[in-house]
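Quick one: the structure is below, questions incoming.
The values are calculated or read from the model by the stated rules, or taken from the named source; none is laboratory data. Keep in mind that what you see is a predicted model, and the values were worked out from it rather than measured. Methodologically, a virtual Cβ is constructed for each residue, glycine included, from the backbone with ideal geometry; neighbour enumeration extends over all protein chains shown. Heads up: the accessible areas ignore ligands, DNA and RNA and are worked out on the full protein's heavy atoms, side chains in. Shrake-Rupley method; radii C 1.70, N 1.55, O 1.52, S 1.80 Å.
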Amino acid sequence: MSKTIKDLTAGTAGGIAQVLVGQPFDIVKVRMQTAPKGTYSGMMHCAGGILKNEGPLAFYKGTLTPLLGIGVCVSIQFGVIEYMKRFFTHRNLASGSGGVNGKDLNAGQLVASGVAAGLANGFVSGPVEHIRIRLQTQPSINPPYNGPFDAMRKIYSAHGIAGIFKGQGVTFLREATGYGVYFLAYEKLVQREMRTKGIKREELSPMNAILYGAAAGYALWAVIYPIDMIKSRMQTDGFTSMTGRKYASSLDCARQVWRSEGPKAFLRGLGPTLIRSPFANGATFLGFEMANRFLNSF
């Protein structure tokens, strides 16, 4: 099995772990981000309303799309980040930098690798998250979509490929910014442990993989949360003026939200995100590191 295939397979394991752990928190975040001002008094009010009105399975509404799609997304993220790390390692070896084996990448190399991973990931995460958000926010009575494939079929039929990729520009901005910071934080923490303890990467403890993944997740959300809120608004907005479109563009969305709801609106739903983040991102990196370790043991 080639190194790239191993990276993609391990990334898929990380993505599945992320979805299973994080999905209930994500639906609360999306509902709070996209609901009219005053709908929910807080995270527990939103979660309680979902549980009371829609039942416990509602917290996994739209899970099939992210389980398939985010498995692919995280696979792409790790496939690209590991490819870029090898690319910069070869450059370091040629220039005599990056330590004895060239693997001590500097901050600029790690950010560039993360940005590349984010942009590659964005081609899949944009439509995947769009469909997921449509399913998460549709009414439980007489819903317009009967599942992810029905949603994709109906949106494509009515609005073409542009409808499927609605909100794609702000998605690319979020992914490039976020994953540049995300992988920088994780890799620097791993580098520090390897250096201070004199260990190899495969000797990194599972608990530290979780802790460093949690820290990387917090770094990511600290940078991208307002961008993510705009993305959610764009992906729940109407497709045309005839179907209730409110925003002409992502920038127009940001301006309207600022004027009508104030700066606090850009942080609405942050609570469940901060609770979800350490579990979901810790599970992601644990899944990747353990799967990668297993695959490389053959």
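Rounded to the nearest 500, what is the 222 nm mean residue ellipticity of the chain from helices alone, with -39500 (n - 2.57) per DSSP H run of 4+ residues and division by all residues? Walk me through the numbers before you get to the answer.
Numbers: 9 runs with 223 residues, N = 298.
It comes out at -26500 deg cm²/dmol, rounded to the nearest 500.
To continue, here is another question. Using a 1.4 Å probe on the protein heavy atoms only, what accessible surface does Ile210 show? Give it in Å² to the nearest 10.
Ignoring ligands and nucleic acids, Ile210 comes out at about 50 Å².
Suppose R0 equals 30 Å. What FRET efficiency, 1/(1 + (r/R0)^6) with r the Cβ-Cβ distance, do Ser97 and Lys200 give to the nearest 0.05?
Working: r = 20 Å, r/R0 = 0.68.
Plugging the Cβ-Cβ distance into 1/(1 + (r/R0)^6) gives 0.90.
Quick check: the angle from helix 148-164's long axis to the longest principal axis of the chain, C-alpha only, nearest 10 degrees?
With both axes taken from Cα atoms, the answer is about 90 degrees.
Can you give me the relative contact order of the range 98-197 as a percent, contacts being Cα pairs under 8 Å and 6 or more apart? If you can, show how the numbers build up before the last one.
Working: 79 pairs, mean separation 46.0, N = 100.
Relative CO of the range 98-197 lands at 46 percent.
Using 19 Å as the Cα-Cα cut-off, could you pick out the over-long pairs in Lys231/Lys264; Lys29/Lys246; Lys154/Lys246; Lys29/Lys264; Lys52/Lys246; Lys103/Lys200? All intermediate terms of the calculation are to be shown ahead of the outcome.
Details: Lys231/Lys264 16 Å; Lys29/Lys246 21 Å; Lys154/Lys246 21 Å; Lys29/Lys264 14 Å; Lys52/Lys246 30 Å; Lys103/Lys200 11 Å.
Exceeds cut-off: Lys29/Lys246; Lys154/Lys246; Lys52/Lys246.
Between Thr4 and Lys154, what is 0.36 nm times their sequence separation minus the Cα-Cα distance? Round to one decimal in nm.
Details: separation 150, 0.36 × 150 = 54.00 nm, distance 3.54 nm.
Computed gain between Thr4 and Lys154 is 50.5 nm.
Just one of [x] 18.3; [y] 14.4; [z] 16.6 is mean projected area of the Cα convex hull in nm² calculated from these coordinates, so which is it?
[z]
Sticking with this structure for a sec: Any idea what angle helix 107-137 forms with the longest principal axis of the chain, computed on alpha-carbon atoms, 0 to 90 degrees, nearest 10?
Once rounded, one gets 30 degrees.
Okay, next question. Taking 0.36 nm per residue of separation and subtracting the Cα-Cα distance, what length does fully extending Arg245 through Phe298 add? Walk me through the numbers before you get to the answer.
Working: separation 53, 0.36 × 53 = 19.08 nm, distance 5.37 nm.
Taking Arg245 through Phe298 to full extension adds about 13.7 nm, to one decimal.
Going 7 Å from the Cα of Tyr60 in the Cα-to-Cβ direction, what parts of the range 260-298 have a backbone nitrogen less than 19 Å from that spot?
Residues 276, 279-281, 283-284 qualify, since their backbone N sits under 19 Å from the label point.
Report the relative contact order of the chain, percent, no decimals, based on alpha-carbon pairs under 8 angstrom and at least 6 residues apart. The partial results should precede the final answer.
On the way: 438 pairs, mean separation 85.3, N = 298.
This gives 29 percent for the chain.
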